[in-house]
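The values are calculated or read from the model by the stated rules, or taken from the named source; none is laboratory data. Source: prediction; values computed, not measured. Because the Cβ atoms are built from the backbone with ideal geometry, glycine has one as well, and the counts that use them run over all protein chains shown.
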Amino acid sequence: SEFDFEGKSQFSQQSLQGETYGSPEELKRVSTPLAVNLGINRELTTAATLKRVVVLVEEHHAQFNDVNTATALLQMQRKGMGQGGKPLTAQQAAVMELLKQKVCLDAPAFGAQALVNTAYAL
């Protein structure tokens, strides 16, 4: 597995659409007002396509709280990512790895519902 038991990814960098996002320390969430997190969650839950969810993750992952991360994972699963034996695109795989890293880094701060939604999505 690419994740150790202390929740630290062994990956040093993630690249999404040619942009490098850096080490796990750089992927930690910045302090974000709750209103911003609520807006992000609204966008994630109303996204019509998997592509839109992926774009939202790429644009806002640094602002994600536990609920945003869980919602993104759940929406990616609901929009059909990887279903029917269809392989993930490179962009989808990179976003999924980014979200897994965020889960590993932020899991101690996750609320119960976010943990349940994350487990269901994975």
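Remarks
- The residue of the range 43-91 that is surrounded by the fewest Cβ atoms within 10 Å (Cβ to Cβ), among those that are among the β-branched types (Val, Ile, Thr) and in contact (Cβ under 8 Å) with a residue 12 or more places away in the chain, is Thr49.
- Residues of the range 83-121 classified as more than 16 Å from Val53 (Cα to Cα) and outside any helix (DSSP H, G or I), total: 4
Listed here are the residues, each with its yes/no results for (1) in contact with a Ser or Thr (Cβ under 9 Å, 6 or more places away or on another chain); (2) at pLDDT 90 or above.
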site: Lys79; (1), (2): yes, no
site: Lys86; (1), (2): no, no
site: Ala93; (1), (2): no, yes
site: Cys104; (1), (2): yes, yes
site: Phe110; (1), (2): yes, yes
site: Ala114; (1), (2): yes, yes
site: Thr118; (1), (2): yes, yes
